[in-house]
Amino acid sequence: MTDSPATTGEQIRVEYVPRPGLGKLAITNFLLNLITLTVYRFWAKTNVRRHIWSCVYINGQPLEYTGHGMELFKGALIVFGLFLLPFILLIAFISIYLGPGHPALFAVQALLYLFVFLLWGAALYRARRYQLSRTLWRGIRGTLVGSSVTYSLTYFGSMMARGMSLGWTTPVLNTVLQEQIIGDMRFGDMAFKFRGRASPLYPTYALCWFLTIAAVILFSIIFGAEIATLVGPEVTKIFNEIFKPDAVPTTAQIWTVGRVAMVLLVTFIALFLVIPMLWAVYSARELATFASYTSAGNATFKLNATPASLISLVVINFVILIFTLGVARPFIQQRLIRYMCDRISVIGTIDVDHITQSMAYVDRTGEGLADAFDISVI
Amino acid sequence: MAIEARYFDGETARDYRVNVSLDANGIAFVGDGVASKFWNLAGVGAIDTPTKAMPFASRLTFTL
């Protein structure tokens, strides 16, 4: 009797087993970054990845990160030489010979922004490909087999469409982008698949969108009410007077303007905190939905992402970042990976023994664009 | 003295159970589906530092 395909293979169990040494690594990285004026960041990033990867266990065997700081450094040098340096030289040339107000300067700057937006997706894709190609499990590495150019153009188009639709195309576009990147993902010769529609995301998206508009209106009303209570109807008159060219504001007027600015600041901070919390509802839904659309072998994925857990993750990470002045960034990265490991479950089996090594070309350098745009999460 | 270990050949993700013995020149191992192999110590390195979950001996890499 032979096993049916559904029962062939292993159940997959993912867990995060922390090991000591991350604190020491964080402090060493911080000090060496300081001494080398951040040039050490490539090696720092590599050391942190090596540590975090080695804490991720799949069926009792840890991941292994085989990247090198020098590869990241070379990647950054190539991007600097081929992409950033020509723009810097051109801008310097125009500023010196044609003057800082010359229209050509604005044209070059606009071109630079266009290139950045055009290449943003490529940077994400290439960084992911590099990380996968340097990630081993049981000696087998991962990769992305598609084109970073295709992904980048899709990404650029999606950014434009998102803006033009006031965000309403987001669920569709995120689904398309996720389908592209997961569809290109391989572990050895095993392909990942992504199949699903964006429609189940829309009710949650609509809820978050309308709640955001309501929050903005509510905070505007609160702001207006606070100003009216604190300062009264004189506020417009005071602002008109102090912004006159020859105005000499009195202490009382400066005090009033200060109070208005403070109320505005507090309202903005409150809004800044509330809106991401609202969108955590959508993010959790999207993460869980995308996980359920993903499959590999005879297995599908389930991610137990909830709005409360996402808010807690982000808020605590933010507090860690602020109170350690960024020194504890490796712990933030560890918390992100741990969140995924603790909450993901794999349903079904994967015939692990028959996965063979990836034959995909392995880049010698990596993540230059992602470093230039500062978009690498880990 | 031989100890039990897990071996990954880098060609498939199959988990081989092997018996490993260490002598002054290198590491010898053999197991079900794995022909007898000998790694000279010069090519052997530790992947990471030892922990309770993953002792040093089972996380070795060999470069040809």
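The values are calculated or read from the model by the stated rules, or taken from the named source; none is laboratory data. Quantities reported herein were computed from a predicted structural model and do not represent experimental measurements. Positions of Cβ are backbone-derived with ideal geometry, glycine not excepted, and every protein chain shown enters the neighbour counts. These area figures cover heavy atoms from the full protein model, side chains too; ligands, DNA and RNA do not enter into them. Shrake-Rupley method; radii C 1.70, N 1.55, O 1.52, S 1.80 Å.
If I ask for residues that are in a strand (DSSP E or B) and more than 12 Å from the chain's Cα centre (by Cα), which ones from the range B:1-27 would you list?
B:Thr12, the sole residue that qualifies.
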Residues of the range B:7-23 being surrounded by fewer than 18 Cβ atoms within 10 Å (Cβ to Cβ) and polar (S, T, N, Q), which ones?
-> B:Asn19, B:Ser21
For residues that are of a type in the set (A, V, I, L, M, F, W, C) and away from chain B (no Cβ under 14 Å), scanning just the range A:41-55, find the one that is most open to solvent (accessible area, probe 1.4 Å).
-> A:Trp43
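Considering only the range B:1-17, state which residues are small (Gly, Ala, Ser) and either more than 10 Å from chain A (Cβ to nearest Cβ) or within 17 Å of A:Ile12 (Cβ to Cβ) (or both).
Residues of the range B:1-17 small (Gly, Ala, Ser): B:2, B:5, B:10, B:13.
Result: B:Ala2, B:Ala5, B:Ala13.
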Identify all residues within the range A:76-127 that are closer than 23 Å to A:Gln178 by Cα and open to solvent by 90 Å² or more (accessible area, probe 1.4 Å); write none if there are none.
-> A:Phe117, A:Arg126
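To keep it simple, each residue is scored yes or no on (1) within 14 Å of chain B (Cβ to nearest Cβ); (2) within 23 Å of the chain's Cα centre (by Cα).
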site	(1), (2)
A:Ala328	no, yes
A:Arg335	no, yes
A:Arg343	no, yes
A:Val346	no, no
A:Thr349	yes, no
A:Ser358	yes, no
A:Asp363	no, yes
A:Glu367	no, yes
A:Phe373	no, yes
The lone exception for A:Ala299 - which of (1) hydrophobic (A, V, I, L, M, F, W, C); (2) modelled with pLDDT of 95 or more; (3) under 24 Å from A:Ile378 (Cα atoms) it fails = (3)
Going through the range A:332-358 in order, the residues found to be aliphatic (A, V, I, L, M) and open to solvent by 30 Å² or more (accessible area, probe 1.4 Å) are A:Leu336, A:Ile337, A:Met340, A:Ile344, A:Ile347
A:Asp371: touching a residue at least 60 places away in the same chain (Cβ under 8 Å) and under 19 Å from A:Thr135 (Cβ atoms), yes or no?
-> yes
Considering the range A:63-75 alone, what residues qualify as being touching a residue at least 60 places away in the same chain (Cβ under 8 Å) and either within 13 Å of chain B (Cβ to nearest Cβ) or open to solvent by 20 Å² or more (accessible area, probe 1.4 Å) (or both)?
-> A:Leu63, A:Glu64, A:Tyr65, A:Thr66, A:Glu71, A:Lys74
Leading residue by the ranking (farthest from B:Phe8 (Cα to Cα)) among those in the range A:128-171 that are aliphatic (A, V, I, L, M) and open to solvent by less than 10 Å² (accessible area, probe 1.4 Å) | A:Leu144
If you scan the range A:284-331, which residues turn out to be aromatic (Phe, Trp, Tyr) and open to solvent by less than 50 Å² (accessible area, probe 1.4 Å)?
-> A:Phe290, A:Tyr293, A:Phe301
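Among the residues of the range A:188-196, is any without any contact (Cβ under 8 Å) to a residue 60 or more places away in the chain and acidic (Asp, Glu)?
No, the range A:188-196 contains no residue that is without any contact (Cβ under 8 Å) to a residue 60 or more places away in the chain and acidic (Asp, Glu).
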Those residues that are open to solvent by 60 Å² or more (accessible area, probe 1.4 Å), more than 12 Å from chain B (Cβ to nearest Cβ) and in contact (Cβ under 8 Å) with a residue 40 or more places away in the chain, I need them from the range A:15-40; list them, please.
-> A:Ile27, A:Phe30
